[in-house]
Amino acid sequence: MATLLAITIFLPLLGSVALALIPDRDGRTSRRVAMAVALATLACSVVLLLAFRPSVEGPQFSAADKATGHYGLSWVGHDPNTRGGPDIRVAFGLDGLSLWLFVLTSLLMITAICSSWESIKDRVAAHYGFLLALQTGLLGLFASLDIVLFYIFFEFTLIPLFFLIGIWGGPQRRRASVTFFLYTLAGSLLTLLGVIALVVVHYQFSVDKTLTFSIPELTQGLAALDWKPWREVGSWGSPQVLIFLLLLAGFAIKVPMFPVHTWLPLAHVEAPTAGSIVLAGVLLKVGSYGLLRFNLGMTPLGAQACFPLIASLAVIGIIYGALTALAQTDIKRLVAYSSVSHMGFIVLGLFSLNQTGIDGAVMQMINHGLTTGALFACVGVIYERYHTRSMNEMSGLWNRMPLLAFFLMLASLGSAALPGLNGFVGEFPILVGSYAASPTTAVLAATGMILGAFYLLWMIRKVLFGPLKEPATDGHGHGHEPIASAETHDHNHDHASSSVPPLGWHEIVGLAPLMFLIVAIGVYPRPFFEQIQPATRAIVRTIEAERQMAYEDEHPQPVQRVRRRGGGGGGGGAAAKKAEPKKAEPSKKDAQPKANTKSESKKAAAVKSEPGQASSIEKGGR
Amino acid sequence: MELAYEPGFFVRNAWLIPFFPLLGALVTAIGARRLRGAAHLPVWAGIGLAFLVSLGTLASADHSAKYTVFEWLSAGNLEVPFQVRVDGLSTMMLSMVTFVSGLVAIFAAGYMHGDPSYPRFFALIGLFVTSMTGLVLSNNYLLTYVFWEGVGACSYLLIGFWYSRPSAAAAAMKAFLVNRVGDFGFAIAIFWLWSVSPGHDLSYDSIFAAAESGAIPTSAIAGISLLLFWGATAKSAQIPLYTWLPDAMEGPTPVSALIHAATMVTAGVYLLARSMPMVAMAPGVQALIAATGCATALLAAAIALTQNDLKRVMAYSTVSQLGYMFMALGSGVGDVAQLAVVAAMFHLFTHAFFKALLFLASGSVMHAMGDVIDMRRFRGLRHRLPITYLTFAVGALALAAFPPLSGFFSKDEVLGAISGAIHASESYSWVYQIVYWTALVTAFMTAFYTGRAFFMTFHGPEKLPSPNDPEAPPADAHAHAHAHDEGHHHEIGHESPPIMAIPLMILAGCTVLIGLICLVAWPITGGPAEWFAGHLEKTLGFEALGHGEHGFSWFTATLGTLLGVGGIALAYVMYAEPGPLPARMKERFGALYRASLNKFYVDEFYDATIVATVRISASISDFVDTYVVDRLITGIALIPRAIGRARLALYQNGLIQFYAASSALCVAFLLLFLVLLGLQRP
């Protein structure tokens, strides 16, 4: 299975190399090859999905070294005897957090290729080549178990997307691609600093002083550091908070969180449909996935300390993004701003730091990928026919393309979190989780439900409802009747631009699986949550364990476990901590709590292998 | 704790009630092309089967009858099983919903005949019934919420059924958004419930048990009740969120009948009735509910007095009658709580029949008049539409609470509940006093506007609509002809075909029958609605509610009847024959008349305040995003460039020696750092 995973990841890259080599005059061969490669990758992903065992907590399909317990193969020089030198490994594996994002990437690639099928006429082979290269980047990123490997894939995804926007984009494509590139690069450099700092801190202060780049090992090790200042997060300058903020910089831009979101609408509007689908569907999830994997997994106390900041930004993002979406007339910009709003929900769920919120957030990452991918594909369908995305120029498209109406309606309602469709089962747990963390935040965020319905239904009303009005397809502008005449405008079907073709097979193939999942997740979400939960539970347990240790650092009485708001909020814990002035502990007493901490940290290190002990810690935390 | 309970056959299979209509809808949707004109058959079958199962559950209704069908959602501590509750309240609702919806579906087959989207219509009707029955069956606040929003979504799609009409598009969106505002309150109530409920269990039994045992603080109970009421005001069209309902008649008339009578609007009343064991513990909220219901009833009746659109009169009358139900619910204080909830549900029950009847009869009129529904454009239809005339008369008399029709008994129960609350309430007695007298005044207005609509439509000299009518708006003829062309072609002025007439007759029969049952059961059980109360008592938490002494109050009944008859008489005098009286009244009360005709400008007020605020903030956000946030970030990005120009450019001096020196220095620092790092290792 480990081999299959590696094959799945690198198959698209091979495909893209093949595209570069195969001579192709009219572009037909290229798109067929690309589709075949993408289908094969999807098939492999589905096999992995079916083989995934939901009961297992750690990464699966990873070739673990039996002797050392390390994942994958050693890549950068490492001497196992002296244990010196950096041990950077090529290690892949999937757990509940990454599994569905992995599959989603493969699935949305089909949609992306389908939506480029007719619309890309220029440098076809290169277009599909970049798309497939991007897929390898994303698949590798989600499957990486090594922090350096992760970072390499993380940066690698920038390059194909830069070219996709820059070559096949709209009129402002150069500005868009450069902005996108610089924005994300600036953030990710700070993230790199954070990543290095994590490795160094772990190297210096872990119990057995190992230099490791393995994500699972770092997560465990950092939760059990033999270094008290690591758990003191009272000020902005404390190490964990600093590292948290460094990591945040890159991921927040990728998500994107308010106020660093402005690259997104620009990039979306200029990107070709395929680029938008992948960008919104998967690339934004890279940000939230990073937040979950690194910010929550490795610096949970920093996350807890920064909860007020992050929650405020998330809520502002939700409301502000929704309001801005409401003011748009360009459908694509509208959907782009809706992403800002919906990603705010995801961040809020993650930082509620409890099981309910995190479960919802992971679910919502998948959901947002599906609905937004579908929405962009629908916009692509419209754009390909009318070469405009302005809602003022069209109305009543339901009359012309009932199937598109069905798809767009379903995707919008799913995005508006209608129960029975996928958005609801993500958004509602997020709100419940954040209510536990901070009721005010949840109530404010819930207004996003109303606003979300507002802009989506507004878009539907403008585009689908009303008498048929089509923009001119031949550039003579006879479709531009003023809206005032809409009432009396008869919608007989012999309009001058009735040459618009119905949805082609490639458009239906691209959208139908998304629609199926939108309904399936909404109707029966339980199996999906079952796959997610073991991994999220582990994250929550890390958070709880570290909270508990921080608590015991501050209260050096032996084995004192006071009932705290465990499942409850990050805010609560942080507030409680602030309420008590920190006492400088007498150095005499230092020995005892340290011993205590040590035993505790060993326990936390053993969390993974011994669930019994873990649950005792969890109970203590609650 | 309920181990002794063994779910019976119908309890275990109650999930079939939402399932059958869903199946019907799916079959219709998938087979749309092949079924075409027969698309109604699967949905008919689905609703019919659901009705049969519902009847079966009536007998198995029990306080503790519940059954988990499957585990639906489990996200962290939010665990929601798909669990059904089959008790008095839910079985009553299920039977009523499936029965009335079934009749509406039969009627619709005639009414929608020939519509190009005929299959879509029936698929949506099936989904609508699924959502409503699911809502009623669920034993869990979140699952109720799921179907609650499902009902909203189906109504959105049905109101906007004729999607190319801009007015339908606007009405559909308004319905969904106003309901979302209500759902917002409901959602927060659920968050709150989740955080206070023991074990984060959202099922009704555990929450009511916790509320009763005092595990949930009183302030939380009051807050949650208030939020649930907020949710209910949207679905059940109460102040301040009632404005969507009158617009909802943009959908096909059978949809209006469905929304206004059996499904959708009853959801809010149902939710509060279901939560009564908890809500009754918050007397302040109860007084607010009663007062809101009262204000809504009065306001809507005042608007209905002057409307010229027959369906619109009926729409406002629905709002008004729902107000009565809320008055009754709000009267559930102290030892009359059970009486109050029975009264509310009984009025809901009878109203479902006669309001569906009135709407379908209006639809029949509209059908016969070629989609004209303005009462000024037709008159004296009693000879042309005899069946519609007679059935409408039954519905109108029931609405006007004329004895011994069903409406008389249920309205009497409501008034009795309010007068009970006057005595039972400790600190809000004065509120119920006001509510009681306002309710009586509203009863008079109800009778008047019902009579007005009836006499204007069916009495006087015969007149059929013509396009050159002075009342016909210039675009009207065109728009209606256009709408018509989506529907059906036939000559105007004929009675509806049997497929439409028979449901009317059945509903009229039920209206009479329920009244007769009350009359017959009265001497046997000691009260006109005791048979109904007996069934409803088998509801979770209802037996613990205060029973109170319920006597039939001759004073209330007589007064109510006199007011009703008075209202009808006044309407007869004014409208039975065209006369100068209405015009004179119009002049006499010019300002009031115009205010009522324009619905007291509430829609305009909302547009000018709330909608405008949102729109303006949207524009501001857009402006800020383009000109502030983006510029700010770009500005920050310029700082390094500026630094580079000002300072770093100096070092790009092209001197190789300088470059070499700085490189060496950097390497030295790096080495030092690494050495120090290495030294620290043990």
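The values are calculated or read from the model by the stated rules, or taken from the named source; none is laboratory data. Remember, predicted model here, so these are calculated numbers, not experimental data. FYI the Cβ positions are ideal-geometry reconstructions off the backbone, even for glycines, and counts take in every protein chain you see.
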Taking the residues in the range B:463-476 that are surrounded by fewer than 14 Cβ atoms within 10 Å (Cβ to Cβ) and more than 14 Å from every other protein chain (Cβ to nearest Cβ) as candidates, determine which candidate is modelled with the highest pLDDT.
B:Ser466
Mind listing whichever residues of the range B:418-437 are buried (at least 20 other Cβ atoms within 10 Å of the Cβ) and in contact with a Pro (Cβ under 8 Å, 6 or more places away or on another chain)?
B:Ser425, B:Tyr428
Consider B:Asp625 carefully, then state whether it is part of a helix (DSSP H, G or I) and surrounded by 15 or more Cβ atoms within 10 Å (Cβ to Cβ).
yes
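Take B:Phe176 and decide whether it is at the interface with chain A (Cβ under 7 Å from one of its Cβ atoms), surrounded by fewer than 23 Cβ atoms within 10 Å (Cβ to Cβ) and assigned to a helix (DSSP H, G or I).
Working: at the interface with chain A (Cβ under 7 Å from one of its Cβ atoms): yes; surrounded by fewer than 23 Cβ atoms within 10 Å (Cβ to Cβ): no; assigned to a helix (DSSP H, G or I): yes.
Judged against the criteria, B:Phe176 is not a match.
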Which count do you get for residues in the range A:461-474 that are more than 8 Å from every other protein chain (Cβ to nearest Cβ) and under 29 Å from B:Gly185 (Cβ atoms)?
1
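Return the only residue of A:Phe407, A:Phe424 being within 11 Å of chain B (Cβ to nearest Cβ), crowded, with 24+ Cβ neighbours inside 10 Å and of a type outside the set (A, V, I, L, M). Steps first, answer last, please.
Values: A:Phe407 fails: within 11 Å of chain B (Cβ to nearest Cβ).
Only one candidate passes the filter, namely A:Phe424.
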Does any residue of the range A:352-366 turn out to be more than 12 Å from chain B (Cβ to nearest Cβ), farther than 16 Å from A:Phe251 by Cβ and touching a residue at least 40 places away in the same chain (Cβ under 8 Å)?
yes
In the range A:431-440, is there at least one residue being within 25 Å of B:Gly199 (Cα to Cα), among the hydroxyl-bearing types (Ser, Thr, Tyr), assigned to a helix (DSSP H, G or I) and within 7 Å of chain B (Cβ to nearest Cβ)?
yes
Tabulated pairs, the range B:413-436, first under 22 Å from B:Glu530 (Cα atoms), second charged (D, E, K, R), C-beta under 6 angstrom, 6+ apart or interchain:
B:Ala424/B:Asp335
Residue match in the range B:184-194 (condition: surrounded by fewer than 23 Cβ atoms within 10 Å (Cβ to Cβ), outside any helix (DSSP H, G or I), at the interface with chain A (Cβ under 10 Å from one of its Cβ atoms) and touching a helix residue (DSSP H, G or I) at 6+ places or on another chain (Cβ under 6 Å))
no
Any chance you could count how many residues in the range B:611-640 are over 15 Å from A:Tyr320 (Cα atoms) and within 11 Å of chain A (Cβ to nearest Cβ)?
8
Restricting attention to the range A:382-396, which residues are more than 16 Å from A:Gln328 (Cα to Cα) and of a type outside the set (Phe, Trp, Tyr)?
A:Ile382, A:Glu384, A:Arg385, A:His387, A:Gly396
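Listed here are the residues, each with its yes/no results for (1) more than 30 Å from A:Gly360 (Cα to Cα); (2) touching a residue at least 40 places away in the same chain (Cβ under 8 Å).
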position	(1), (2)
B:Pro18	no, yes
B:Pro21	yes, yes
B:Ala61	yes, yes
B:Ala75	no, no
B:Phe82	no, yes
B:Ser95	yes, yes
B:Phe99	yes, yes
Out of A:Ile243, A:Ile316, which single residue is more than 20 Å from A:Leu408 (Cα to Cα), surrounded by fewer than 24 Cβ atoms within 10 Å (Cβ to Cβ) and without any contact (Cβ under 8 Å) to a residue 60 or more places away in the chain?
A:Ile316
Which one of these does B:Leu299 not meet: (1) modelled with pLDDT of 90 or more; (2) within 13 Å of the chain's Cα centre (by Cα); (3) over 30 Å from B:Leu545 (Cα atoms)?
(2)
Take the range B:130-147 and flag every residue that is more than 8 Å from every other protein chain (Cβ to nearest Cβ) and either of a type outside the set (Gly, Ala, Ser) or within 23 Å of A:Thr447 (Cα to Cα) (or both).
B:Thr130, B:Met132, B:Thr133, B:Leu135, B:Val136, B:Leu137, B:Asn139, B:Asn140, B:Tyr141, B:Leu143, B:Thr144
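Suppose the filter is more than 14 Å from chain A (Cβ to nearest Cβ), more than 30 Å from A:Leu326 (Cα to Cα) and at pLDDT 80 or above; does B:Gly564 pass it? Spell out how you get there, then give the answer.
Working: more than 14 Å from chain A (Cβ to nearest Cβ): yes; more than 30 Å from A:Leu326 (Cα to Cα): yes; at pLDDT 80 or above: yes.
For B:Gly564, the condition - more than 14 Å from chain A (Cβ to nearest Cβ), more than 30 Å from A:Leu326 (Cα to Cα) and at pLDDT 80 or above - is met.
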Name the pairs: first residue in the range A:156-183 and farther than 19 Å from A:Asp122 by Cα and touching a residue at least 24 places away in the same chain (Cβ under 8 Å), second residue in a loop (DSSP other than H, G, I, E, B) and among the hydrophobic types (A, V, I, L, M, F, W, C), Cβ to Cβ under 8 Å, at least 6 apart or on different chains?
A:Ala176/A:Ala271; A:Tyr183/A:Val260
